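What follows is a short report on a single structure.
The values are calculated or read from the model by the stated rules, or taken from the named source; none is laboratory data. The shown structure was predicted, so the numbers you read here are calculated from the model rather than taken from an experiment. Here the Cβ positions follow ideal geometry from the backbone for every residue, glycine too, while neighbour counts run over all protein chains shown. Side chains are part of the model used for accessible areas, which takes the heavy atoms of the whole protein and leaves out ligands, DNA and RNA. Shrake-Rupley method; radii C 1.70, N 1.55, O 1.52, S 1.80 Å.
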Amino acid sequence: MKRFTAMLLMFPVLFLTVSCIRVTTNIVSSPDHCIRVKLDVMKDGTPFYLVKYKGETVIDTSALGFDLGGKVPPFSGFRIDKIQHSLQRDEPWEMPWGEQRIVENDYNGMNVFLKETGTLGREMHLEFRVYDDGLGFRYVFPQQLYLEEMVILDENTEFSLTGDHEVWWIPGDWDIYEHLYKHTRLTEIDALKYRTLEGLAQTYIPFNAVNTPVTMKTGKGLYLSFHEANLTNYAGMTLKIDAGNLKMTSELVGNDQGIKATVSTPFSTPWRTLQIAERAGDLIESRLILNLNPPAVCTIPDFRPTKYMGIWWDMHIGTKSWDYASGRHGATTDYAKKYIDFCAANGIGALLVEGWNTGWEHWFGDFDREGVFDFVTPYPDYDLEDVVAYGKSKGVEIIMHHETSAAPRTYEQQLDTAFALMKRLGIHAVKTGYVGKIIPKGEYHHGQWMVRHYRKVLTTAARAGIAVNAHEPIKDTGIRRTYPNAISREGLRGQEFNAWSPDGGNPPGHLPTVAFTRMLAGPIDFTPGIFNIKLKPYKPDNQVNTTLAHQLALYVVIYSPIQMVPDLIENYEGHPAFQFIRDVGVDWDETRVLDGDVGEFVTIVRKERGTGNWFLGSITNETERKINIPCDFLDRGKAYTAVIYSDGKHAHWNDNPTACSIDTVTVRRNCDISVNLAPGGGCAISFSR
Ligand code: NOJ
Ligand code: CA
């Protein structure tokens, strides 16, 4: 009898995908019951929610609501009209490319239908999805007579924290995410001082707010990360800090008219997400953000994950220029062919060529002018058609480059012709860029106007079968699930800062922090793999602040289906450690975070699709450490050749960065590998059968 009951209980789990249950409780739990979320309404009609993890409050009473502008009267208080629960089980989905092939998507849902108590009786629903690894909730506004258009002056979603947590944060800049992460207590967050500290050309930080993903550690050692999913036709969310009340409140990115977003009903906001983990590595393994995005609406049959080189680093270290008139033009037919030859000889599938098109001669200094760039006319010393054809003959694709100089209207005017040219030539990917202040003045990179622009580029590209790698982008919110042509993006301080930043570049702890913050949002075009760490003789005042083994490890640690091999050919040619870059995969069946802590270190293994080979990357901040790697992720009964690229004797990110040892051993799943990571160091291992 007992067995029969157990089987009955299993039925909904095994055979139901989404089912709706009408119950009155205003509490919803995760499938494993660890997370509990409650939605209720205060006496004055303000909705609020609470989140508990294993019985402990992680988000205390937090109000929800909006300030509306225009002719619409303010919301005047709500009551709960109806509550609907649902559960979804057993509907894993497959990623066309990604960190893993199959993604589980089990959650319990709760839809709370709120209705205004006043005569207008307007409706606002709150939809919750609670997974084992966190939760998302969003506001849903059905189409209704007294709420057709909404001018949103602000969204007031509160996140009341239960302690003065440790926080890894960047400022809530409306224009750029390219800031160094700070590690402070919540009450010590002072984003406004970044206004003067970094002196970036495009930066606007109006409030003491942080951008997301923002990751925290509670006094009890629980990890929390706040972000958003499916940012569509809305403004990016920053979180304003109220130190006195240990509270964060959503502060949407607006424009100079004081408007945050204008929408018409029916409308749903992006999901506000909270990842909860006992182990820092579980934050990275979570696919919560992707799960909260709708399934794919298109395919991109011509895109294959790949490594790519570029006529690019040359410009950042000053050996070449984007500008034809400079006398050091990088994008020449001959130079591109030299790179194509090197790519072909080393199994690198693509080449990015920047500075190929007219306009760069006006780039610097003309940031406030539209019509600067032309996306179809090459400079006279660059034969685009010849280069593309030469690449094709060698199995190397060209990646197109469109720097818009933050003039989206100019880009939109040319989008169709630019993509038609790419289509005609058989170019399947574009890197876009938005350096400078947005034109028109008064709009910001992360506001609704730009969110719409970025999406327009993505959907137009999808129709043309083109994949997009956006720099100076809107943050990733998992939209790659719906549009798999959103292959990668920047949205952080990338490697380029090491070439020219007056503050000395990214410190050794940068990427051990990025892995637990920015990387939770999605793929990163970081451009790892600089071998000439000291940038000699070109940039005496700059350098990469890691060891060479750390650079190798980044190919595994940082996820992107396109990984750059950015250094100059001469720095790779004949270098024994280059073998790792030749070998390392870019598309994965599985990803596991073996160990790590935010800002300290991280060790990740990934299993390559197609070959079944495993690759390991481990990186540390300035602290030297010994790591032990149990090889139990390897397949049972199989022997692997492990090539271990580790920091050499006395390696150090500053004093001795290029000392790298390469050892080959045979291992099985019952083996342990022990490695020393130097200060700012790392380790990369390929496991092949
Ligand atoms: C900034 C991008 O991040 C960088 O990769 C690119 O080379 C320049 N803009 C020029 O477009
Ligand atoms: Ca950039």
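Return the residues of the stretch 67-82 that are in a strand (DSSP E or B) and surrounded by fewer than 20 Cβ atoms within 10 Å (Cβ to Cβ); say none if nothing qualifies. Scanning the stretch 67-82 gives ASP67, LEU68, GLY69, ARG79, ILE80, ASP81, LYS82. A single member of ILE558, ILE479, ILE474, ILE530 is buried (at least 22 other Cβ atoms within 10 Å of the Cβ) and touching a His at 6+ places or on another chain (Cβ under 7 Å), and it is ILE474.
Selection within the stretch 443-456: residues that are in a loop (DSSP other than H, G, I, E, B) and open to solvent by 10 Å² or more (accessible area, probe 1.4 Å). The member of this set that is nearest to VAL253 (Cα to Cα) is TYR444. In summary, GLU361 fulfils each of the numbered conditions (1) out of contact with any Asp or Glu (no Cβ under 7 Å at 6 or more places or on another chain); (2) at pLDDT below 95 with the single exception of condition (1). Any idea which residue in the stretch 288-304 is farthest from ligand 1 (Cβ to nearest atom), counting only those that are surrounded by fewer than 20 Cβ atoms within 10 Å (Cβ to Cβ) and not hydrophobic (A, V, I, L, M, F, W, C)? Only one residue fits best here, namely PRO295. The condition of being free of Cβ contacts under 8 Å to residues at least 60 places away in the same chain, open to solvent by less than 40 Å² (accessible area, probe 1.4 Å) and not aromatic (Phe, Trp, Tyr) holds for only one of ILE348, ILE311, ILE317, that being ILE311. Among the residues of the stretch 384-440, the ones that are hydroxyl-bearing (Ser, Thr, Tyr) and within 16 Å of ligand 2 (Cβ to nearest atom) come to 4 in all. Kindly indicate which of LYS392, LYS423, LYS431 is among the charged types (D, E, K, R) and within 16 Å of ligand 1 (Cβ to nearest atom). After ruling out the rest, the residue left standing is LYS431. Residue pairs whose Cβ atoms lie under 7 Å apart, separated by 6 or more positions or on different chains, with the first residue in the stretch 366-391 and not assigned by TED's automatic domain parsing to the domain that holds THR410 and the second assigned to a loop (DSSP other than H, G, I, E, B), do not occur. Within the stretch 314-337, identify whether any single residue is modelled with pLDDT of 95 or more, assigned to a strand (DSSP E or B), away from ligand 2 (no atom under 16 Å from the Cβ) and farther than 24 Å from PHE526 by Cβ, and answer yes or no. Scanning the stretch 314-337 turns up at least one residue that is modelled with pLDDT of 95 or more, assigned to a strand (DSSP E or B), away from ligand 2 (no atom under 16 Å from the Cβ) and farther than 24 Å from PHE526 by Cβ.
Sub-7 Å Cβ pairs linking a first residue in the stretch 526-541 that is over 18 Å from GLY504 (Cβ atoms) to a second residue that is away from ligand 2 (no atom under 16 Å from the Cβ) and of a type in the set (Phe, Trp, Tyr), at least 6 apart or interchain, are PRO528/TYR555; GLY529/TYR555; PHE531/TYR572, ordered by first then second residue. Residue-level check: of (1) touching a residue at least 60 places away in the same chain (Cβ under 8 Å); (2) open to solvent by 60 Å² or more (accessible area, probe 1.4 Å); (3) within 30 Å of PRO508 (Cβ to Cβ); (4) not small (Gly, Ala, Ser), LEU180 misses just (2). Examine the stretch 165-175 for a residue that is in contact with a strand residue (DSSP E or B) (Cβ under 9 Å, 6 or more places away or on another chain), modelled with pLDDT under 95 and within 16 Å of ligand 2 (Cβ to nearest atom), and state whether such a residue exists. Checking the stretch 165-175: not a single residue is in contact with a strand residue (DSSP E or B) (Cβ under 9 Å, 6 or more places away or on another chain), modelled with pLDDT under 95 and within 16 Å of ligand 2 (Cβ to nearest atom).
Of all the numbered requirements in (1) closer than 26 Å to TYR411 by Cα; (2) open to solvent by 10 Å² or more (accessible area, probe 1.4 Å); (3) within 16 Å of ligand 2 (Cβ to nearest atom), ARG463 misses one, and that requirement is (3). Of the residues THR623, THR591, the single one that is open to solvent by less than 60 Å² (accessible area, probe 1.4 Å), out of contact with any helix residue (DSSP H, G or I) (no Cβ under 6 Å at 6 or more places or on another chain) and hydroxyl-bearing (Ser, Thr, Tyr) is THR591.
Here the condition is being open to solvent by 10 Å² or more (accessible area, probe 1.4 Å), within 16 Å of ligand 1 (Cβ to nearest atom), farther than 20 Å from ASN571 by Cα and of a type in the set (Val, Ile, Thr); of THR333, THR358, it holds for THR358 alone.
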